[in-house]
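Notes for the one structure printed next.
The values are calculated or read from the model by the stated rules, or taken from the named source; none is laboratory data. Just so you know, these numbers come straight off a predicted model, no measurement behind them. Cβ sites come from the backbone with ideal geometry, for glycine too, and all protein chains shown count toward neighbours.
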Amino acid sequence: MSAVMNSPVPLGPRIGLLGPRAWGGVLAIVVTVAVLVPLLNLAVPADSALHLSDYYVSLFGKIMCYAICALAMDLIWGYTGILSLGHGLFFALGGYGMGMYLMRQIGRDGNYKSDLPDFMVFLDWKALPWHWSLSDSFLGQLFLVLAVPGLLAFVFGFFAFRSRIKGVYFSIITQAMTYAAMLLFFRNETGFGGNNGFTDFKRILGIPIATAGMRVTLFVITGLMLVGFYLMARAIVRSKYGRVLQAIRDAESRVMFTGYDPIAYKLSIWTLSAVMCAVAGALYVPQVGIINPSEMSPAAGIEIAIWTAVGGRASLIGPIVGAFFVNGAKSWFTQVFPEFWLYFLGALFIAVTLFLPQGIVGLFRARREKRS
Amino acid sequence: MTPDLQEALAEAKAAHDERERAAASGGREASFGRLLKIGEPDFAHGIALYVDDITVSFDGFKALNALTLQIAVGELRCIIGPNGAGKTTMMDVITGKTRPDAGTVHFGSSIDLLRLRENEIAQVGIGRKFQKPTVYEELTVFENLELALKADRRVRASLFSRLDGEQLDRMAATLQQIHLKDEAQRTAGLLSHGQKQWLEIGMLLMQDPKLLLLDEPVAGMTDEETERTAELFLSLEGQHSLVVVEHDMKFVDQLTQGRKKVTVLHEGSVLAEGLLSDVQNNEKVVEVYLGR
């Protein structure tokens, strides 16, 4: 690095994707997620001090889904400067896409012993509605998990960015869209299980879902997806494309008068970010066993932004740290002082905004800079 | 296929392409005896910019009132005028930020700028410096220049773009030219006001525009920096057309060197045009500047 800095012609950031130490860190995380956790959970006996309980496996699995959302939010907010409060919607759509498949996997084991999901029997429906036509196929639903949020984000983004809707107006519109979708999903006749949503899943790909093996498998897949998304985000941020995104954040008019079409850049990162959230949602649902419209509530979207801000915007590790920190604190707080969690969250957000504008990661960064 | 058949096909295709191209330019090359390339301005008449009869009103207030102006290829033109004379609005119209109510703006004789969006106008070769220095504060000086460097502006090209040796040389030369070589790895937000102005000028140069619009480029610069900027602009004269909007008469004097035309704008139209010394003694101009 220093050699690059001192070279007579500055070469700019043209070193590899990660430094050797960072690659070591990535490797350590992959080993932890893919080897250590499964071993500690499955192979170590439950009475041993080293045993990792099922509770923690599912908690961390869940938080890793949140971390993917925070990473997606960071790309669009931290790097491009567009605050979306609609990422809860993309997360939930991904979750619903997976949920539809899981509902069909219940088969005749539901309360009503019918081929149709229970809530449809309850509504006295005789056949599957049209939008469930792919729900028998895992790959079909996976396609929808990516395509529906991706297409929605693309169409919404196209009109919003073309109309040059920016800043707080964009945030409000994304929030309104999420809220409208929530109201739609709350209704029984839209065919998404109303306010109960989907739950009582039995199996995935024919394999029982509530077993220790499946829990760890989903954990490992989520962890590897998180690492994969991190590396992808890193590649994006370090490309010239990533620098154009930051330029849009800092001075969009200059970007335009330099000849770049900001719409294409914003639209592509916005759609990618939405799809990342959808993948997180699809991984989340089989792990927590439920999806309902509350995932689209305005609070859910705001929380994603809070994780990102607390961890540190415009750094890729920040939002992941933030998701773990806030959700770790949440799971502890809601056990110890259940009534005070929201107060704590509010106080945390204010404190971070006032004292740590660069988030938790910024704290370490400042200290490292001071030392050097 | 036999080789001779391939050859005949290639010939036929070339003839066809030629006809297509002629058709795309409206067949005009027949009368003018030259081919127009799409997206390339046509400077055959020696005029880089035609601003014709432009009117812009904001809520009844006429910011530009039938403004007509021509800038020659390679010309350095200074535009002066009191506050509110419409100087910045004129730049907004040329660069596509503001749509006029009436009139036309052409880049060369072939490109109608009013049909293009801001980024397309930049791509055909018009660069603009804002009144307030506008750089990417969180990026380094080097990265600021890199983004401005003339290259494919599309998303996919940016994803896989890498700088080659020639581009690096150009950037190094520009860094030298704008006196920011030692600051290349500094974050642009940490530069002084004058340095930011220079960085923005450097970014314009990286774009390699045919026409540069410079809105108060020396505001906030020290005398020495101002002088160096004048030298820089004078060195660009001839290769690029420059339009400089400025209040600093000393700077304008340096740029015009007592022989170039100055345009005075007032209430959205041209009040006077001529040498700086003539214009400064023009009664109407004095009246406008000093008030009645």
Answer yes if at least one residue in segment B:176-198 is touching a helix residue (DSSP H, G or I) at 6+ places or on another chain (Cβ under 9 Å), within 11 Å of another protein chain (Cβ to nearest Cβ) and β-branched (V, I, T), and no otherwise. yes
Under 8 Å between Cβ atoms, which residue pairs at least 6 apart in sequence (or on different chains) link something in segment B:265-276 that is surrounded by 16 or more Cβ atoms within 10 Å (Cβ to Cβ) with a partner that is acidic (D, E) and not in a strand (DSSP E or B)? B:L276/B:D253
With the requirement that a residue be among the charged types (D, E, K, R) and farther than 24 Å from A:G322 by Cβ, what does segment A:17-70 give you? A:D47, A:D54
May I ask you to list the residues in segment A:235-266 that are assigned to a helix (DSSP H, G or I) and polar (S, T, N, Q)? A:Q246, A:S253
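Looking only at residues in segment A:46-94 that are acidic (D, E) and more than 23 Å from A:A299 (Cβ to Cβ), which one is surrounded by the most Cβ atoms within 10 Å (Cβ to Cβ)?
A:D54
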Residues located in segment B:199-227, provided they are crowded, with 17+ Cβ neighbours inside 10 Å and not hydrophobic (A, V, I, L, M, F, W, C): B:E200, B:G202, B:Q207, B:P209, B:K210, B:D215, B:E216, B:P217, B:E225, B:T226
Scanning for something outside any helix (DSSP H, G or I), buried (at least 16 other Cβ atoms within 10 Å of the Cβ), touching a strand residue (DSSP E or B) at 6+ places or on another chain (Cβ under 8 Å) and at pLDDT below 90, does segment A:11-32 turn up at least one residue? yes
For segment B:1-105, list the helices (runs of 4 or more DSSP H) that sit wholly inside it and hold at least 1 residues that are at pLDDT 85 or above and surrounded by 18 or more Cβ atoms within 10 Å (Cβ to Cβ); which are they? B:87-94
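A:M214 - would you say it is more than 14 Å from every other protein chain (Cβ to nearest Cβ) and under 13 Å from the mean Cα position of the chain (by Cα)?
So A:M214 does not fit the description; no.
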If the requirement is being in contact with a Leu (Cβ under 6 Å, 6 or more places away or on another chain), of a type outside the set (D, E, K, R) and either assigned to a helix (DSSP H, G or I) or within 30 Å of B:G84 (Cα to Cα) (or both), which of these qualifies: B:L168, B:L204? B:L204
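Table: residues versus (1) among the small types (G, A, S); (2) more than 28 Å from the chain's Cα centre (by Cα); (3) in a loop (DSSP other than H, G, I, E, B).
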residue	(1), (2), (3)
A:L89	no, no, no
A:Y96	no, no, no
A:Y101	no, no, no
A:R104	no, no, no
A:R108	no, yes, no
A:N111	no, yes, yes
A:L116	no, yes, yes
A:V121	no, yes, no
A:D124	no, yes, yes
Given the condition crowded, with 21+ Cβ neighbours inside 10 Å and within 14 Å of chain B (Cβ to nearest Cβ), answer yes or no: does some residue in segment A:190-199 qualify? no
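So that you can scan it fast, the table gives a plain yes or no per residue for (1) surrounded by fewer than 19 Cβ atoms within 10 Å (Cβ to Cβ); (2) over 21 Å from A:N188 (Cβ atoms):
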position	(1), (2)
A:M103	no, no
A:D118	no, no
A:D124	yes, no
A:W130	yes, no
A:S135	no, no
A:L139	yes, yes
Hits in segment B:51-110 - residues which are of a type in the set (G, A, S) and touching a helix residue (DSSP H, G or I) at 6+ places or on another chain (Cβ under 6 Å): B:A63, B:G81, B:G96
Within segment A:252-278, residues being buried (at least 22 other Cβ atoms within 10 Å of the Cβ), within 7 Å of another protein chain (Cβ to nearest Cβ) and of a type outside the set (S, T, Y) number 4
Within segment B:120-129, can one find any residue that is under 21 Å from B:V244 (Cα atoms), at pLDDT below 95 and assigned to a loop (DSSP other than H, G, I, E, B)? yes
Residues that are of a type in the set (V, I, T), buried (at least 21 other Cβ atoms within 10 Å of the Cβ) and away from every other protein chain (no Cβ under 11 Å), drawn from segment A:221-251: A:T222
Set A:L226, A:L184, A:L231: member being of a type in the set (A, V, I, L, M) and more than 20 Å from the chain's Cα centre (by Cα): A:L184
Please note which helices (runs of 4 or more DSSP H) are completely contained in segment A:267-372 and include at least 2 residues that are polar (S, T, N, Q) and touching a helix residue (DSSP H, G or I) at 6+ places or on another chain (Cβ under 8 Å). A:317-336
Just to be sure before I move on: is A:V255 touching a helix residue (DSSP H, G or I) at 6+ places or on another chain (Cβ under 7 Å) and of a type in the set (A, V, I, L, M, F, W, C) in the structure I sent? yes
In the list B:T104, B:T89, B:T95, which residue meets the criterion of being facing chain A (nearest Cβ under 9 Å), under 24 Å from B:A63 (Cα atoms) and among the hydroxyl-bearing types (S, T, Y)? B:T95
Please specify each residue of segment B:173-198 satisfying the condition of being among the hydrophobic types (A, V, I, L, M, F, W, C), within 22 Å of the chain's Cα centre (by Cα) and surrounded by fewer than 20 Cβ atoms within 10 Å (Cβ to Cβ). B:A173
Could you list, ordered by first residue, the pairs with Cβ atoms under 6 Å in which the first is in segment A:101-120 and over 18 Å from A:I207 (Cα atoms) and the second is surrounded by fewer than 20 Cβ atoms within 10 Å (Cβ to Cβ) and among the aromatic types (F, W, Y), at least 6 apart or interchain? A:D118/A:Y112
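For segment A:204-215, does any single residue satisfy the condition of being of a type outside the set (A, V, I, L, M) and in a helix (DSSP H, G or I)?
Yes, segment A:204-215 contains a residue that is of a type outside the set (A, V, I, L, M) and in a helix (DSSP H, G or I).
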